[in-house]
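Asker: First the structure, which I've put down as structure tokens, then a few questions once you've had a look.
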Amino acid sequence: MLENGITHRCRAGVFALLAAVLLVLTCAPARAQIGGSRYAAIVVDAATGEELLAINADEPRYPASLTKMMTLYMVFDAMERGRLSAGTRIPVSRHAAGQEPSKLGLKAGGSIAVRDAIMALVTKSANDAAAALGEHLGGSEVQFGRMMTRKAHALGMRNTSFRNASGLPDANQVTTARDMAILSRALIQHFPGRYAYFSARSFRYAGQSMGNHNRLLTEYDGADGIKTGYIRASGFNLAASAERHGTRLVAVVFGGANSRERDDHVMALLDRGFAERRRGLPPDMLMARGGALGGGARLVGAAQAAPMAAPVARLREPNAKPPARPVTPAASRAPRAASGGGKWVAQVGAFADSGIARQAANRAARGPGTARVQSVRVDGKRFWRAQVTNLSAAQARRICQQMRGPCMVISP
């Protein structure tokens, strides 16, 4: 038990260090973005709950529309208990109809079937449908928020408090990446039949077709859910699950600057998680891509030295028919060519002293490549990046493998 505790604390310390390093490595502006002040991430094994990666996982964050995951948990639970059926008509109050977008445009005095309300939450993230469900189950949305919070605590989500059914802004509606991973696992395990709703790529209602905001369903092989979220205070959030080779992982990320950055980052984290599951490798390497030689490296994920220059295995065609169940592919698409034309970079650290940065770069460049030091400013402070340039992909990864601390591989 003592050894396990020490190992856990060491891993937590490493990730805390990585989180701090990210702020320097990415030159984060003062807005939500990966590595910024609102960033949090966790990757867990869906079957066991084993933590594979955690950065700021217990820090309070605004859930935004990830809140609808709990709303749907409550709906699924009511269906299991016989309180609701897929065809039950849910009345729409003036309060529900008046919710801010995203919404279906439900009219006060009308009604919507439970099945359609579920699909509206999963795909369009409709706030009016969420409020109608909450009022129907709780009597009022305020009371439903209390019910949600009690259920969250019963599931082990100790740092979560809900105030509404939709995730629209409320200063007291908070959660953590870890708690959302717990909720993701609960939805998968407690409602295996109904979890399939989250894999729906589109939904047709009142003559209009609405696509699912979760791009991983079409861009990441094995992905089958579960929910995106955004409000200004949170940045772009995503809870995602994917299954490969019999292993299912859950990844939760808060604080993306935009949906593309968030999605790329989640895919990279899942890549790293599946690679670690296959090889049992420690997560001590960071991956970045784009604009490296110009000084604008963009973080795409925490990854090991497996060939993961970018999120891999975007195998399905966007218009392909969704599978009836999660896909377990025989193999993933190969990543970018390993050579990289000698344009890959290994960034071995960022330092407050240019001399120390130069020493670190020179030590790392004793083999192939050229030592380089870059000056950058972060929050008004100057730092120096220690890098080795003119490398192939394999050479960059090899340098990072030999480093004792965090190291970033930057693709062309």
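The values are calculated or read from the model by the stated rules, or taken from the named source; none is laboratory data. These figures come from a predicted structure and were not determined experimentally. With ideal geometry, Cβ positions are generated from the backbone for all residues, glycine too; neighbour counts draw on all protein chains shown.
Asker: The conditions are (1) within 20 Å of the chain's Cα centre (by Cα); (2) at pLDDT 95 or above; (3) hydrophobic (A, V, I, L, M, F, W, C), and Ala28 fails exactly one of them. Which is it?
Answerer: (2)
Asker: May I ask you to say which residue of Leu72, Leu66 is assigned to a helix (DSSP H, G or I), touching a strand residue (DSSP E or B) at 6+ places or on another chain (Cβ under 7 Å), of a type outside the set (Lys, Arg) and within 22 Å of Pro169 (Cβ to Cβ)?
Answerer: Checking each option against the conditions leaves just Leu66.
Asker: For segment 77-97, give me each residue that is under 20 Å from Asp128 (Cβ atoms), in a helix (DSSP H, G or I) and under 31 Å from the mean Cα position of the chain (by Cα).
Answerer: Ala78, Ala96, Ala97
Asker: Limited to segment 153-181, what total is found for residues that are surrounded by fewer than 23 Cβ atoms within 10 Å (Cβ to Cβ), closer than 22 Å to Ser234 by Cα and either modelled with pLDDT under 95 or of a type in the set (A, V, I, L, M, F, W, C) (or both)?
Answerer: Residues in segment 153-181 being surrounded by fewer than 23 Cβ atoms within 10 Å (Cβ to Cβ), closer than 22 Å to Ser234 by Cα and either modelled with pLDDT under 95 or of a type in the set (A, V, I, L, M, F, W, C) (or both): 3 in total.
Asker: So, one more: Would you check which residues across segment 217-240 are in a strand (DSSP E or B), in contact with a strand residue (DSSP E or B) (Cβ under 6 Å, 6 or more places away or on another chain) and under 26 Å from Pro101 (Cα atoms) and list them?
Answerer: The answer is Gly225, Ile226, Lys227, Thr228, Gly229, Tyr230, Gly235, Phe236, Asn237, Leu238, Ala239, Ala240.
Asker: Sticking with this one: Of all residues in segment 171-213, how many are touching a strand residue (DSSP E or B) at 6+ places or on another chain (Cβ under 9 Å), within 24 Å of Arg150 (Cβ to Cβ) and in a loop (DSSP other than H, G, I, E, B)?
Answerer: Summing the residues that are touching a strand residue (DSSP E or B) at 6+ places or on another chain (Cβ under 9 Å), within 24 Å of Arg150 (Cβ to Cβ) and in a loop (DSSP other than H, G, I, E, B) in segment 171-213 gives 3.
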